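Undergrad: My questions will all concern the structure given below.
Read-outs: derived from the displayed coordinates by stated rules, not from any lab. Here the structure is a predicted model, which is why all the values come from computation and not from measurement. FYI the Cβ positions are ideal-geometry reconstructions off the backbone, even for glycines, and counts take in every protein chain you see.
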Amino acid sequence: MSATEERAHTGDPLDPRLPSGPAEPFAEGDPPGLAGPFAEGDPPGPAEPFAEDDPLGRVAEWGPTATPVGTFRLVPVRIGRDLPLISAWMNDPAVAAYWHLAGPPVVTALHLRTQLSAGGRSVPCLGVLDGTPIGYWEIYRADLDPLARHYLARPHDTGIHLLIGRAADRGRGLGSALLEAITRLILDRRPACTRVIAEPDIRNAPSISAFLRAGFHVLGEVDLPGKRAALMVRERVPRHAR
């Protein structure tokens, strides 16, 4: 992974102030996004890019999960379908400050293709709440990621990056509720995983607060390409229960 790709991969804005209108709902079983290839002559990425022994346990098959704010599911990204929506989110200055993916759609497309070509070690997804795409998520193997150079990783550590894309969905506890649900889902679907990792930028106070409310705690601070991060973790067995 190049330095540029590594910087992009460590983005994490949970609560950027995106000027976004309401997204169109889609039917259950009909994944979200906008149709059409991202560039003329460049076909969309494969729908099933992951190896047979999937390092993340087939995120596409995890299905919906009930949360206090509605039914939520992760839908793996298809570039030709989803690029316009994700690129629009990435071009807001508040998002660009953390994800470094502002520019024409091909900039975001390059990042997505890097994720999709990682042998299943990172799965880029749209987060879909009650049939409406509301944000972008990456579920990744933190122990197989460049992040593992910066902390004492355990086998099967699983990381989360995310952003909430719709203005109406921010500032009301939605992020922490979804983080709580997805963290429980990761631990349920990945028995070998003993903890979930996050590394929000230390400047991103709303993101850090949301992870804390979702049961994460801070291990320390680490210098990553493009940011100084709060290394946060939620363990399968809470510290107070030991």
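Undergrad: If the chain between Ala148 and Leu110 were fully stretched, how many nm would it gain, using 0.36 nm times the residue separation less the Cα-Cα distance?
TA: Stretched out fully, the Ala148 to Leu110 stretch lengthens by 11.4 nm.
Undergrad: Could you list which residues have their amide H under 5 Å from that of Leu219, counting only those 5 or more apart in sequence or on another chain, with H placed in the peptide plane?
TA: Leu231, Met232, Val233
Undergrad: When Lys and Arg each count +1 and Asp and Glu each count -1, what net charge do the other residues less than 13 Å away from Leu187, Cβ to Cβ, add up to?
TA: +2
Undergrad: Right, another one. Based on the Kirkwood radius over alpha-carbon pairs, what is the Stokes-Einstein translational diffusion coefficient of the range 118-224 at 4 °C with 1.567 mPa s viscosity, in µm²/s?
TA: 90
Undergrad: With the Cα gyration tensor of the range 46-137 giving a ≥ b ≥ c as the square roots of its eigenvalues, does the rule (a/c under 1.5 for rounded; else a/b larger than b/c for prolate; else oblate) give rounded, prolate or oblate?
TA: oblate
Undergrad: Please identify every one of the chymotrypsin sites (Phe, Trp or Tyr not before Pro) in the range 59-141 that sits in a loop by DSSP and has no more than 10 other beta carbons within 10 Å of its own beta carbon.
TA: Answer in residue order: no site qualifies.
Undergrad: Work out, step by step, the length gained on full extension between Arg228 and Arg58: first 0.36 nm times the residue separation, then minus their alpha carbon distance; give nm to one decimal.
TA: Gain on extension, Arg228 to Arg58, equals 58.1 nm.
Undergrad: Within the range 109-149, which trypsin sites (Lys or Arg not before Pro) sit in a loop by DSSP and count at most 11 neighbouring Cβ atoms inside 10 Å?
TA: Within the range 109-149, no trypsin sites (Lys or Arg not before Pro) qualify (loop, at most 11 other Cβ atoms within 10 Å).
Undergrad: Could you tell me which residue out of Ile197, Tyr151, Ala181 lies farthest along the dipole of the range 134-218 toward its positive end? Charges go on the beta carbon: Lys and Arg +1, Asp and Glu -1, centred on the Cα centre.
TA: So the residue we want is Ala181.
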